[in-house]
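Before any comments, here is the structure.
Each reported figure results from applying straightforward, stated rules to the coordinates on display, with no laboratory input. A quick note: this is a predicted structure, and the numbers were derived from the prediction, not measured. Note: ideal-geometry Cβ built from the backbone for every residue, glycine included; neighbour counts use all protein chains shown.
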Amino acid sequence: MAWPKYFQYLAAMLKDWRVASVVPSSRYVVERLLEKVNFEQARLIVEYGPGGGVLTRELLRHMRPETQLVAIERNELFVKDLQKIADSRLRVLHGDVLEMEQKLLNHGIAGPADVIFSSIPLTLFKDSTKESILERTSELLKTGGRFVAYQNTSLLEKFLKRYFHQVRLEFEPRNLPPQFIFECVK
């Protein structure tokens with residue numbers, strides 16, 4: 001039996017504290033995220049914690065034929081959903097973002113990335129884990145590339161400023177929960 005999307009997010013959150021939302025991202029959040037991508041120039045886009053694929057599907061709709069999208073998801077329910085997306089430009093990798101470099105190498109995906117999106121709740125991680133994720137993210141991005149994190153809190157800013165020379169914060173209230181969107185430039 002296929003659960004409605006909202007129940008799927010709730011079930012995932014109850015099983016895994018790292019699932020940051022009980023509902024998919026709103027169209028308002030997705031529209032703001034899409035604004036952060038230069039689709040004419042992007043060749044590699046990475047998505048951490050794509051969940052059920054709301055942003056993933058929209059990225060694919062806007063991407064050029066030669067652009068690759070890599071979605072790294074640790075939750076099996078969401079991985080199964082993402083694997084149903086029939087698009088050769090999408091690679092769904094099951095695992096943790098802390099293993100991203102090895103996963104990319106194992107799948108023959110060469111960086112650097114133009115844009116990396118993250119919905120994983122970074123503020124819930126220990127500082128050392130958060131620092132490790134941000135350091136690896138910065139290394140994976142090309143110079144001038146963007147890291148776009150959409151979060152339930154604005155408490156991430158001081159960490160982001162250690163790895164990115166430009167950090168801009170936006171707020172989108174039309175989402176459950178409301179989202180803080182960080183656009184960081186390497």
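Considering lysine pairs in the chain that are 8 or more places apart or on different chains, how many have Cα atoms under 14 Å apart? Provide the component values of the computation, followed by the final result.
On the way: K5/K80; K36/K186; K130/K158; K130/K161; K142/K186; K161/K186.
For the chain, qualifying lysine pairs total 6.
Taking the DSSP beta bridges in the chain as the whole, what percent of them are antiparallel, to the nearest 5? Show your work: numbers first, answer last.
Details: 13 of 32 bridges.
In the chain, approximately 40 percent of DSSP beta bridges are antiparallel ones.
For the stretch 41-86, which GluC sites (Glu not before Pro) are both in a DSSP coil and crowded by at most 16 other Cβ atoms within 10 Å?
Numbers: sites: E47, E58, E66, E73, E76; in loops: E66.
Answer in residue order: E66.
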At R0 = 22 Å, FRET efficiency that the Cβ-Cβ distance of T123 and R61 yields, to 0.05
0.15
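As an exercise, identify the trypsin sites (Lys or Arg not before Pro) in the stretch 68-171 lying in DSSP coil whose Cβ has no more than 11 other Cβ atoms within 10 Å.
On the way: sites: R74, K80, K84, R89, R91, K103, K126, K130, R136, K142, R146, K158, K161, R162, R168; in loops: R74, K84, R89, K126, K161, R162.
Sites meeting the loop and neighbour criteria: K84, K126, R162.
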Between D87 and R174, 0.36 nm times their residue separation minus their Cα-Cα distance comes to what?
28.4 nm
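Do you know the relative contact order of the stretch 5-185, to the nearest whole percent, from alpha carbon pairs under 8 angstrom that are 6+ apart?
21 percent
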